[in-house]
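The structure under discussion appears below in the form of structure tokens.
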Amino acid sequence: MAHDNRWANLVNTAFLLDQAPRRPGPEGLRPTLEMIESALEVFPSAVDPVEDFEGYAVRRLLLALKAVLSEQVSS
């Protein structure tokens, strides 16, 4: 995927997260986790930090957010 498309996808995901209805409790986090998964598809594990540091940074942030939110859902 072209770099421009990745950034457009990320901005679109941010708007979707902002507009998503807020539900309390762990169930309310599931849509957010699904959107994070979707964003990870355009920032795959093949992202090389040497060649694409920005993409790598986004991927690491998404993975960290996913881990924290997944803990909340499983609690």
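The values are calculated or read from the model by the stated rules, or taken from the named source; none is laboratory data. Note that the structure is predicted; figures quoted are calculated from it, not measured. Positions of Cβ are backbone-derived with ideal geometry, glycine not excepted, and every protein chain shown enters the neighbour counts. Heavy atoms of the whole protein, side chains included, go into the accessibility calculation; ligands, DNA and RNA do not. Shrake-Rupley method; radii C 1.70, N 1.55, O 1.52, S 1.80 Å.
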Where does the chain land at 222 nm, in deg cm²/dmol rounded to the nearest 500, when only DSSP H runs of n ≥ 4 count, each adding -39500 (n - 2.57), divided by all residues? -23500 deg cm²/dmol
Once both axes come from the Cα atoms, what is the angle between helix 30-42 and the longest principal axis of the chain, in degrees from 0 to 90, rounded to 10? 10 degrees
Taking 0.36 nm per residue of separation and subtracting the Cα-Cα distance, what length does fully extending S38 through K66 add? 8.9 nm
Pop the C-beta distance of A57 and R22 into the FRET formula with R0 = 30 Å and round what comes out to the nearest 0.05. 0.65
Rg ratio (alpha-carbon, reference 2.2 N^0.38 Å) - the chain: 1.16
Roughly how many percent of the accessible protein surface of the chain is carbon and sulfur, given a 1.4 Å probe and a whole-percent answer? 58 percent
